[in-house]
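Here is the structure we will look at.
No lab work stands behind these numbers, since they all come straight from the coordinates. None of the values given here were measured: they were computed from a predicted structure. Cβ coordinates were reconstructed from backbone atoms using ideal geometry, including for glycine residues, and neighbour counts include every protein chain displayed.
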Amino acid sequence: MSFDSLWASLRDVGRDARSGGYRRFAWTTVDLTLREWFTGEAQGRGLSVEEDRNGNLWAWWLPPGHKGDPRGAFVTGSHLDSVPDGGPFDGPLGIVSAFTAIDLLRTDGVTPRVPVGVVAFSDEEGARFGVACIGSQLSTGAMQPDRALNLTDGEGTTLADALRKTGRRPEHLGADPDLAERVGVYVELHVEQGRALDLMNRPVAVASAIWPHGRWRFTFCGAANHAGTTRLADRRDPMLTFATAVHDARTRAASHGAVATFGKMRVTPNGANAIPSRIEAWLDARAADEQTLAALVDDITADAAARAHLDRTSVVAEGESLSPAVLFPDGPRQRIRQALGAEFGQEFGDVPVLPTAAGHDAGVLSTAVPTAMLFVRNPTGISHSPDEYAEIADCHQGARALAAVMKDWVT
Ligand SMILES: [Zn+2]
């Protein structure tokens, strides 16, 4: 299967030698290398490649004699960027499986009657500019170009400048008016980011829904002072308020049956012998429905405010992004389950249907086009970590499953 050589060709790109994790951030030289890789693999297969106005890459396998723009296509793919020290599977598995599925169909002598597209969405993880799914959100119109262009990375570089530096035209960003016509269905294959399939002892599942989720920035302010000479009673230490908020968030998440995580913080002045004056921290919260999510964040904010009062500090919480719940439509899901049942029924029986608490471009696209997702077993459930792992045999099953779904759709 061509999967193995495709997979090997990505192994070293953007890998940090010390952590063993990947640092594939949007519009960096590593990102440009990944984009070249995508283009090379597509062109090597005789697929035409285009970069849309938002930096998303599309490769097209068109029916024989097809003229003009692709319409009503079967599109599959994912993203190539990563979180800081991410694993190798989150994103690239979907794109490598997409190319592999095309190879499998061609080996079988299949010619598509409708166009097949492979897409690599730009900046899915939001690792550099702090907002996830920028490429797909711009294309569906969920994010306005002005907002995107003014986002800054840790060094203060705006997305507009980062785009300019790589020869892109920031003024071109915006909603893609052809998206709904071009994409008949978008099926994203992704490594599972939990252990549900492992617990069921099954290699592949179909997605039912994505939990609503969002990011909130909490700014805790106090007073900087000497770590040695300031009496405890005199301190106004925002780190203390923050530490309590981290703990309370965990307790509140458990009581709501949800998850809440403070995973990123910035300390001012960030000195080992100074009480900080200011902590900025980012809360990631996710729940089964939007009311629960809102109640969870309200509770965490109220807890932090109460604690700030005790500590004589202050706290402000601001929403940075909110992704509503996604219910993947029944039609494509049922069709996929039927196709997989016909292909693998003997081996695996009915394909499981799972929700996920992880965001994906497929969720963003679901507002514009029919979407579906396939998940491949992750035996440890670990993701967004150098330890993220999937068995190669399961990856092969995933690629075979995607090929079966593709064949069902395009022949
Ligand atoms: Zn992903």
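Can you give the angle from 0 to 90° between the axis of helix 290-311 and the longest principal axis of the chain, with both taken from C-alpha atoms, to the nearest 10?
Roughly 20 degrees, rounded to the nearest 10.
What is the distance, in nm, between label points placed 7 Å from the Cα along the Cα-to-Cβ direction at residue 147 and at residue 17?
4.1 nm
Between helix 392-410 and the chain, what is the angle of the helix's C-alpha long axis to the longest principal axis, kept within 0 to 90° and rounded to the nearest 10?
Approximately 60 degrees, to the nearest 10.
What shape does the stretch 1-147 have by the C-alpha gyration tensor, where a ≥ b ≥ c are the square roots of the eigenvalues, rounded means a/c under 1.5, and otherwise prolate means a/b greater than b/c and oblate the rest?
Because a/c hits 1.5 or more and a/b fails to exceed b/c, the stretch 1-147 counts as oblate.
Stretch residue 316-residue 338 to full length: gain in nm at 0.36 nm per residue minus the Cα-Cα span?
Here the answer is 2.9 nm.
With a ≥ b ≥ c the root eigenvalues of the C-alpha gyration tensor of the stretch 137-277, is it rounded (a/c under 1.5), prolate (a/b larger than b/c) or oblate?
Working: a/c = 3.09, a/b = 1.43, b/c = 2.17.
Note, shape of the stretch 137-277 comes out oblate.
Quick one: order 389, 186 by neighbouring beta-carbon count within 10 Å, fewest to most.
389, 186
Using 7 Å Cα-to-Cβ label points, what is the residue 172/residue 302 separation (nm, one decimal)?
A separation of 5.0 nm, rounded to one decimal place.
Mind checking the angle between helix 238-256 and the chain's longest principal axis? C-alpha axes, 0 to 90 degrees, to the nearest 10.
50 degrees
Compute from the Cα atoms of the stretch 310-411 the Rg and the Dmax, the latter being the longest Cα-Cα distance, and quote both in angstrom.
Taking only Cα atoms of the stretch 310-411, I get Rg and Dmax of 18.5, 67 Å.
Would you mind classifying the stretch 267-314 by shape? Square roots of the alpha carbon gyration tensor eigenvalues, ordered a ≥ b ≥ c; an a/c under 1.5 is rounded, otherwise it is prolate if a/b is larger than b/c and oblate if not. Each step should come with its number before you reach the end.
Details: a/c = 5.14, a/b = 1.98, b/c = 2.60.
In terms of gyration-tensor shape, oblate.
How many percent of all Cα-Cα pairs in the chain sit more than 37 Å apart? Could the numbers behind the result be given before it?
On the way: 21406 of 84255 pairs.
Cα-Cα pairs in the chain separated by more than 37 Å: 25 percent.
Once fully extended, how much extra length lies between residue 268 and residue 8, figured as 0.36 nm per residue of separation less the alpha-carbon to alpha-carbon distance? The partial results should precede the final answer.
Details: separation 260, 0.36 × 260 = 93.60 nm, distance 4.21 nm.
Taking residue 268 through residue 8 to full extension adds about 89.4 nm, to one decimal.
Let's test the formula: R0 of 22 Å, r as the Cβ-Cβ distance of residue 325 and residue 353. What FRET efficiency results, to the nearest 0.05?
With R0 = 22 Å, the Cβ-Cβ based efficiency is 0.90.
Compute the length gained on full extension between residue 157 and residue 261: take 0.36 nm times their separation in residues and subtract their Cα-Cα distance, giving the result in nm to one decimal.
This chain segment gains 34.8 nm when fully extended.
FRET efficiency for residue 346 and residue 385, Cβ-Cβ distance as r, R0 = 41 Å, nearest 0.05?
About 0.70, to the nearest 0.05.
Based on the mean of other Cβ atoms within 10 Å per residue, sort peptides 153-160, 285-292 so the most packed one is first.
Final packing ranking: 285-292, 153-160.
So for the stretch 66-128, Kirkwood radius off the Cα pairs, Stokes-Einstein at 10 °C and 1.306 mPa s: how many µm² s⁻¹? If you can, show how the numbers build up before the last one.
Working: Rh = 13.2 Å.
D, rounded to a whole number, is 120 µm²/s.
Which GluC sites (Glu not before Pro) in the stretch 318-411 pass both tests, a DSSP loop state and at most 14 other beta-carbon atoms within 10 Å? Write out the running numbers ahead of the final one.
On the way: sites: 318, 320, 343, 347, 388, 391; in loops: 388, 391.
Loop-located and lightly packed - 391.
Between the stretch 155-204 and the stretch 221-278, what's the alpha-carbon centroid distance in Å?
Computed from Cα coordinates, the inter-centre distance equals 34 Å.
Tell me, what is the percent relative contact order of the stretch 1-148, built from C-alpha pairs under 8 Å that lie six or more residues apart? Intermediate results must be reported in sequence, preceding the final value.
Values: 242 pairs, mean separation 40.2, N = 148.
Taking the mean separation of contacting Cα pairs over the length of the stretch 1-148, I get 27 percent.
Report, by chain and number, residues whose modeled amide H sits under 5 Å from the one on residue 264, excluding near sequence neighbours (fewer than 5 apart, same chain).
Distant-sequence amide H within range of residue 264: 282.
Could you work out how far apart the two model spin labels at residue 217 and residue 195 are, taking each label as a point 7 Å from the Cα in the direction of the beta carbon, and quote it in nm?
Computed distance between label sites residue 217 and residue 195 equals 3.6 nm.
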